[in-house]
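Here the structure comes first, spelled out in structure tokens, and everything after it is commentary.
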Amino acid sequence: MKTRTVNLLSGLGTCLILAGPAPATFTGISVEATPNEFGILTCRVYAEFSNPDDRLLGVYGMPEAPLEIEVTGGSFYQHPFGSDGPPSHSLIETFPSLAFDTFVAIGLSETDGNDFMTITPGWPGFGPGSLHLTDNGWFVTPDQPQAVPDAGGRVLLGQFSTTDGSSFFGRFLIQALSNGAPILAFVGFCHPASAPCFDGDLNLDNVVGIEDFLILLGCWGPVDDGDPGCVYADAQGNADGDVGIVDFLALLSHWTIFTDVPTGDEVDADLNDDGVVDVLDLLLWLACKGSVSRECLMIADLDGDGFIGVNDLVLLITNWG
């Protein structure tokens with residue numbers, strides 16, 4: 001079996017090895033504006049999951065993938081009675097504007113002494129207009145209820161506010177348990193957002209994953225100038241008016257989700273048996289996509305489910321190289 005793993009996150013070297021875009025229930029990062037009577041521009045940032053048993057374990061930065069959260073044209077609003085974690089419920093009752101403080105979190109927007117989040121030693125705190133971490137973050141253990149998604153499938157990871165800035169931008173790593181498997185993702189957000197915050201994010205979920213590949217495949221071929229989604233898909237590569245292999249490879253280079261899926265001797269993703277998993281194998285997969293013919297099943301049914309579909313594309317990408 002000719003299989004490989006490949007690092008697809010530019011700049012991460014050997015610290016993060018892509019084990020692939022597995023079928024996982026982490027679905028992205030969302031931002032919710034919080035209007036208030038104090039005129040404070042405030043947004044809450046959430047990790048989103050479709051499985052209610054998933055857990056958000058941590059948010060952090062490392063030298064190869066630093067955490068960067070910034071205010072555009074201003075500074076973070078930091079209440080004098082606030083801290084870097086969720087504010088006290090009793091203090092909010094006395095000082096209502098404290099509810100709009102800037103803080104980091106795992107699940108809780110305020111605390112009554114029930115916050116079990118840990119901020120790592122060496123924490124630098126919020127600078128005037130930025131938080132920059134290369135070896136720090138905030139975590140919670142999997143057994144804590146605050147790590148579990150709320151009724152809307154979300155886990156709060158931070159609230160960011162400003163009185164003099166115009167917008168926010170952030171990138172960071174998250175660690176989670178998704179369908180019982182560990183997942184690492186390099187994600188981010190921007191607020192307000194009128195366009196994709198990141199190259200490759202075709203569905204605007206602040207993550208580059210399998211859904212973006214499916215959108216790109218749906219645009220495959222000549223681009224209709226009246227379809228902005230397909231125009232953006234074409235812009236991933238050479239913007240030549242045709243969504244094709246160049247755009248696919250460009251999107252692949254932006255991949256941000258890292259998790260455990262079969263690799264090595266468990267999967268033979270070298271469809272044409274030439275010793276490497278590359279564009280030629282992708283073309284074979286595209287030719288067989290959706291087919292149940294005996295020939296295609298023998299060539300491209302990598303997961304053995306009797307159908308050439310998304311799972312097989314996932315395994316092909318996983319073993320690229």
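FRET efficiency for the pair residue 109 and residue 64, taken as 1/(1 + (r/R0)^6) with r the Cβ-Cβ distance and R0 = 30 Å, rounds to 0.45. At an R0 of 35 angstrom, the distance between the Cβ atoms of residue 36 and residue 195 translates into a FRET efficiency of 0.85. As a calculated quantity, the FRET efficiency between residue 89 and residue 53 at R0 = 35 Å, using C-beta atoms, amounts to about 0.80.
Going by average Cβ neighbours within 10 Å, how do the peptides 206-215, 140-149, 289-298 rank, with the highest at the top?
On the way: 206-215: 22.0, 140-149: 16.1, 289-298: 12.5.
Ranked from most to least packed, the peptides come out as 206-215, 140-149, 289-298.
What is the gain in length, in nm to one decimal, between residue 123 and residue 297 on full extension, counting 0.36 nm per residue of separation less the C-alpha to C-alpha distance?
Values: separation 174, 0.36 × 174 = 62.64 nm, distance 5.26 nm.
Length gained, residue 123 through residue 297: 57.4 nm.
Our summary gives the chain a relative contact order of 24 percent, counting only alpha carbon pairs under 8 angstrom and 6 or more residues apart. With the simple model of a label 7 Å out from the Cα in the direction of the Cβ, residue 132 to residue 246 spans 3.5 nm.
Annotation for segment 35-66 versus segment 103-156: alpha-carbon center distance of 8 Å. The stretch between residue 164 and residue 305, if pulled fully straight at 0.36 nm per residue, gains 45.2 nm over its current Cα-Cα span. For a modelled paramagnetic label at residue 81, 7 Å from Cα along Cα-to-Cβ, the residues of segment 109-149 in reach, with backbone nitrogen under 16 Å, are 110-113. For segment 137-291, the equivalent ellipsoid derived from the Cα gyration tensor has semi-axes of 32, 24, 12 Å, listed largest first.
Laboratory data are not the source of any read-out in this text; all were calculated from the coordinates shown. All of these numbers come straight from a predicted model, not from anything done at the bench. Quick reminder, even Gly has a Cβ in these numbers, built from the backbone with ideal geometry, and neighbours come from all protein chains shown.
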